[in-house]
Amino acid sequence: MNKRRDFIKKASLASLSTLVGAEIVFGSVAPADYTPLFLDQNDPFKLFGKDKDMTVLNDRPWNIEAKAHLLDDAITPESRMFIRNNGIIPEKPDASSWTLTIDGESVTTPKTYSLAELKSKFRQYTYQLTLECGGNGRSEFNPPAKGNQWTIGAVSCATWTGVRLKDVLDDVGIKSDAVYVGYYGTDKHLSGEAGKVVISRGVPMAKALQDETLIAFQMNGKDIPMAHGYPLRLIAGGWPASASGKWINRLSIRNIVHDGPKMTGDAYRVPCEMVPPGTEVPDDKMCIIESMPVKSLVTYPRSGATVELGKSLDIRGHAWAGELAVSKVEYSIDFGATWISANLKRPKNRLAWQQWNAQVQLPKKGYYEIWAKATDSNGRAQPMVVPGWNPKGYLNNACHRIAVKAV
Ligand SMILES: Nc1nc2c(c(=O)[nH]1)N[C@H]1C(S)=C(S)[C@@H](COP(=O)(O)O)O[C@H]1N2
Ligand SMILES: [Mo]
């Protein structure tokens, strides 16, 4: 804030006008340190380049989700990608001095790489990867769960470019007792306490060693945007996106299941066995979320659309299933009484969401709902109602529904 004030004091009226894009007519009589509203620094559109239709759930920390129709692109653009933060986004760093240190009990000699070294020493790969927040759909649980009330929009599928975590681990040399990779990023704790870790999660070795698990430096062909982890991010597609650490400068190779902040208790963990809603679950009966469950979205048309009777209605969306592939997407126009198969595309690569589409004929004028239901390659389908209650409201993969009218 202070920085901005100084800036405005120093800036001439003319240059301020340039920023605003018009003459500031009474600018000469405005208070010296006044910030024109137009330059408001709390606008997600101006701050993060987000689509104006995105929903801000919280601004401290920033948590922003998409609406279903905003997620229509096969590859999610930055402007429509949800933002989930547990702490304060760091100041933009100088990438030329950024380093990543690999250490931990299961490393003989810790090693530090500069960003340039990572890029030049290892082969680069690009994958399209689904990142869904474990709490996506939380708003529907009853009794309600505390936390951001995500509806359906905390999911994205962008392309990520980077080096394989396994190649880097291979270069460092990992002991055979390695169990888990824990990440550390540079975001700041909400308490303001210096050095207090906001979140330090990660993945077990089996996930760490998959081809698609990346230490990424690009998203959709450009430097990763600041809000999404610039300059370096761990990407573990198909798992709760909390496993994909942003702004990472350290990976700790642990000989135990990583126990950093938000790895334990209710955080990103669910009862190992289903419990009645509202149950208090002891710690040792809680399990870490790994692969995300099968799920789908109707991204076109947007809910509330009308179609002329007799014309066919094009519907489409995406489906994904964590570590698995999607084997089938069906839709229903009669509240789930009957289901019809939709066309389903193959994923761009493993762990990318899949596009589906169908042409629907509505039989007469009136109100309809279109429900979509995906089934994974193990034969598990999405539930039509909210599934297993859990204390923090994770893993709601209930069918997405939209309303349409034939007129
Ligand atoms: N350093 C750091 N990494 C983080 C987080 C965070 O708060 N700090 N949030 C995690 C969670 S809970 C999610 S869902 C994803 C969100 O990624 P996005 O903001 O790029 O969509 O980042 C994960 N990585
Ligand atoms: Mo998340």
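Normalising the average separation of contacting C-alpha pairs (under 8 angstrom, six or more residues apart) by the number of residues puts the relative contact order of the chain at 15 percent.
Here the chain is scanned for GluC sites (Glu not before Pro) in DSSP loops (not H, G, I, E, B) that have at most 14 other Cβ atoms within 10 Å, and the longest stretch holding none of them is 309-407.
Listed by chain and number, the lysines whose C-alpha is less than 29 Å from the C-alpha of LYS364, apart from same-chain residues fewer than 8 away, are LYS67, LYS311, LYS328, LYS373, LYS405. Among the listed pairs LYS207/LYS246; LYS175/LYS295; LYS146/LYS348, those with a Cα-Cα distance over 25 Å are LYS175/LYS295; LYS146/LYS348. Projecting the Cα positions of GLN128, GLY27, TRP62 onto the charge dipole of region 16-135 (unit charges on Cβ atoms of Lys, Arg, Asp and Glu, taken about the Cα centre) puts GLN128 furthest along the positive direction. Only helices enter this figure: runs of n ≥ 4 DSSP H residues, each worth -39500 (n - 2.57), summed and divided by the residues of the chain, yield -2500 deg cm²/dmol at 222 nm to the nearest 500. In angstrom, the C-alpha Rg and Dmax of region 186-293 are 15.4, 46. Surface composition of region 306-382: carbon and sulfur make up 47 percent of the accessible area, probe 1.4 Å.
Across region 361-369, coupling constants 3J(HN,Hα) worked out from phi with the 6.51/-1.76/1.60 Karplus curve, θ = phi - 60°, read 10, 8, x, 7, 4, x, 8, 9, 10 Hz, and Gly and Pro carry x.
Summarising the amide proton neighbourhood of HIS258: residues at separation of 5 or more, or on other chains, whose placed amide H is nearer than 5 Å comprise an empty set. Here LYS345 sits with roughly 130 square angstrom of accessible surface, probe radius 1.4 Å. With θ taken as phi - 60° and the Karplus curve 6.51 cos²θ - 1.76 cosθ + 1.60 applied, the whole-hertz 3J(HN,Hα) list for region 122-133 is 10, 5, 9, 10, 10, 9, 8, 9, 7, 10, 10, 5 Hz, x standing for glycine and proline.
Per the Debye formula on identical point scatterers at the alpha carbon atoms of region 283-390, with no solvent, log10 I(q)/I(0) at q = 0.22, 0.24 Å⁻¹ is -1.19, -1.34. Run the accessible area of region 158-274 with a 1.4 Å probe and give the carbon-and-sulfur part as a rounded percent. For region 158-274, the apolar C and S fraction of the accessible surface comes to 49 percent. What the Kirkwood sum gives for the chain is a hydrodynamic radius of 23.0 Å, with every pair of different alpha carbons counted.
Computed from point charges on the beta carbon alone (+1 for Lys and Arg, -1 for Asp and Glu), the dipole magnitude for region 295-406 about its Cα centre is near 220 Debye.
The string of couplings for region 253-269 from the Karplus curve (6.51, -1.76, 1.60, θ = phi - 60°) is 8, 9, 9, 9, 4, 3, 10, x, x, 6, 9, 10, x, 7, 5, 6, 10 Hz, one whole number per residue in order, with x for Gly and Pro. Taken about its Cα centre, region 101-256 carries a charge dipole of roughly 180 debye when the Cβ of each Lys and Arg holds +1 and the Cβ of each Asp and Glu holds -1. Taken over region 95-288, the ratio of Cα radius of gyration to 2.2 N^0.38 Å equals 1.05.
Considering only PRO44, ALA321, CYS272, the residue lying farthest towards the positive end of the dipole of the chain is PRO44, judged by Cα position with unit charges set on Cβ. At a probe radius of 1.4 angstrom, the accessible area of region 123-217 per residue rounds to 36 square angstrom.
Think of region 125-226 as a dipole: +1 on every Lys or Arg Cβ, -1 on every Asp or Glu Cβ, centred on the Cα centre; then among THR159, ALA216, GLY137, GLY137 lies furthest on the positive end. Working value for region 157-219: equivalent-ellipsoid semi-axes of 24, 17, 10 Å, each the square root of 5 times a Cα gyration tensor eigenvalue, largest first. Rounded to 0.05, the FRET efficiency of the LYS311 and ALA74 pair, given R0 = 25 Å and the Cβ-Cβ distance, is 0.50.
The values are calculated or read from the model by the stated rules, or taken from the named source; none is laboratory data. The structure presented is a predicted model; accordingly, all values stated were derived computationally and were not measured. When we count neighbours, we look across all protein chains shown, and the Cβ atoms used for this are built from the backbone with ideal geometry, even at glycine. Heads up: the accessible areas ignore ligands, DNA and RNA and are worked out on the full protein's heavy atoms, side chains in. Shrake-Rupley method; radii C 1.70, N 1.55, O 1.52, S 1.80 Å.
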